[in-house]
Amino acid sequence: MNTNEDETIELAERSIKNGVRQGTRGRYADAIKTFDQAVVACLKFKGDSDAVRLLAARALGNKGAALGDFDRNSEAVKCYEIGR
């Protein structure tokens, strides 16, 4: 792994963990923003990395769950479709 990949993975993992923490506290709007940070970090990565793609999918899945909890179901479905 190169440093850029390591940094991307670290940022995405940290954002996902923080988003999950926020979601479990009922702070769904904050969780959604935090999952978006993870997705953006993964999309900015220009290399070829299964680890980064997996983190993007995890972030989108978690964002979809938070959107569903926030009763934003049509947006949640879009996250699940993109993450496939």
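Key figures
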item	result
Two-decimal log10 I(q)/I(0) for the chain, as the Debye equation yields it once each C-alpha is a single scatterer, q = 0.12, 0.18 Å⁻¹	-0.31, -0.66
Pairs of lysine residues in the range 3-80 - Cα separation under 17 Å, sequence separation of 8 or more or cross-chain	6
Two-decimal Rg to Rh for the range 34-78 - Kirkwood Rh, Cα set	1.05
Convex hull volume per residue in cubic angstrom - Cα atoms of the range 1-43	40 Å³
For the chain, calculated [θ]222 nm from helices alone, where every DSSP H run of n ≥ 4 adds -39500 (n - 2.57)	-27500 deg cm²/dmol
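Coordinate-derived values only; no laboratory data. Nothing here was measured: the structure is a model prediction, and the numbers come from that model.
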